[in-house]
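First up is the structure itself, then whatever we jot down about it.
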Amino acid sequence: MAPRYQFLAQAKRDFGFLSALGFSIESESEGTYVSFKDGFCVSYLSKDISLSVAYYDMELEIVFKRGRIAASYIFLDHNLHGNASGWAGVMFPVEKLAPVIEDAARDIEAHYEPVLRGDPSVWQKIEKLVSAPTEHGPHLP
């Protein structure tokens with residue numbers, strides 16, 4: 001039997017600051033973690049922005065969305081904040097996941113308020129970054 005992880009509860013606790021910014025939980029789910037493909041997802045919604053925190057296939061994906069524009073936390077971290085998180089990727093084994101969720105939530109709370117509030121100038125910059133041509137096409141979260 002797999003150990004009982006509490007990552008959904010932790011993510012909801014660590015991202016609790018979102019409620020003060022007008023976000024509410026839109027949906028949540030947590031698996032059994034019997035397989036490495038299993039995990040959790042919690043989605044938040046405000047008037048203008050959605051934010052999802054999901055962990056499946058050992059990948060932690062935090063995605064911000066405003067209208068048709070979507071950008072992942074690691075993309076914004078690398079392109080707006082000079083990789084302040086230190087993340088090289090989004091793959092984390094369950095044994096190392098808890099502090100990563102906590103660190104990401106703290107960083108987002110401290111540095112991403114304009115993104116979370118839907119600041120038009122910030123989202124214009126994000127749209128340009130996301131849609132900028134690369135050798136592989138536009139960035140997708």
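The values are calculated or read from the model by the stated rules, or taken from the named source; none is laboratory data. As the structure is a prediction and not an experimental result, all values here were calculated from the model. As a convention, Cβ positions derive from the backbone with ideal geometry for all residues, glycine included, and neighbour counts pool all protein chains shown.
Scanning region 33-70 for residues that are aliphatic (A, V, I, L, M), assigned to a loop (DSSP other than H, G, I, E, B) and under 14 Å from MET91 (Cα atoms) turns up just one, MET58. The single condition among (1) of a type in the set (Asp, Glu); (2) over 15 Å from the mean Cα position of the chain (by Cα); (3) surrounded by fewer than 16 Cβ atoms within 10 Å (Cβ to Cβ) that GLU30 does not meet is (3). Tell me, which residue of region 110-141 that is among the aliphatic types (A, V, I, L, M) and touching a His at 6+ places or on another chain (Cβ under 9 Å) is modelled with the lowest pLDDT? Step by step, filter region 110-141, then rank; the result is ALA132. From the list ILE108, ILE126, the lone residue that is hydrophobic (A, V, I, L, M, F, W, C) and over 20 Å from GLY16 (Cβ atoms) is ILE126. Only one of the numbered conditions (1) of a type in the set (D, E, K, R); (2) exposed (fewer than 11 other Cβ atoms within 10 Å of the Cβ); (3) modelled with pLDDT of 95 or more is violated by ASP107, and that is (2).
When region 44-61 is filtered for residues that are surrounded by 18 or more Cβ atoms within 10 Å (Cβ to Cβ) and either among the hydroxyl-bearing types (Ser, Thr, Tyr) or more than 20 Å from PRO99 (Cα to Cα) (or both), the ones remaining, listed by number, are TYR44, SER46, ILE49, SER52, TYR55. Just so you know, in region 79-97 the residues that are out of contact with any Phe, Trp or Tyr (no Cβ under 7 Å at 6 or more places or on another chain) and touching a residue at least 24 places away in the same chain (Cβ under 8 Å) include one that is surrounded by the fewest Cβ atoms within 10 Å (Cβ to Cβ), and it is PRO93. Listed by first and then second residue, the pairs linking a residue in region 18-29 that is within 13 Å of LEU116 (Cβ to Cβ) to a residue that is part of a helix (DSSP H, G or I), with Cβ atoms under 7 Å apart and 6 or more places separating them unless they lie on different chains, are LEU21/LEU116. Per the listing SER131, SER121, SER50, SER46, the residue uniquely out of contact with any helix residue (DSSP H, G or I) (no Cβ under 7 Å at 6 or more places or on another chain) and within 20 Å of SER24 (Cα to Cα) is SER50. Of the residues contained in region 108-127, one or more are found to be of a type outside the set (Val, Ile, Thr), touching a Pro at 6+ places or on another chain (Cβ under 9 Å) and in contact (Cβ under 8 Å) with a residue 40 or more places away in the chain.
Pairs meeting the criteria (first residue in region 33-53 and over 30 Å from ASP119 (Cα atoms), second residue hydroxyl-bearing (Ser, Thr, Tyr) and part of a loop (DSSP other than H, G, I, E, B), beta carbons under 6 Å, at least 6 apart or on different chains) are TYR33/TYR5; ASP38/THR32.
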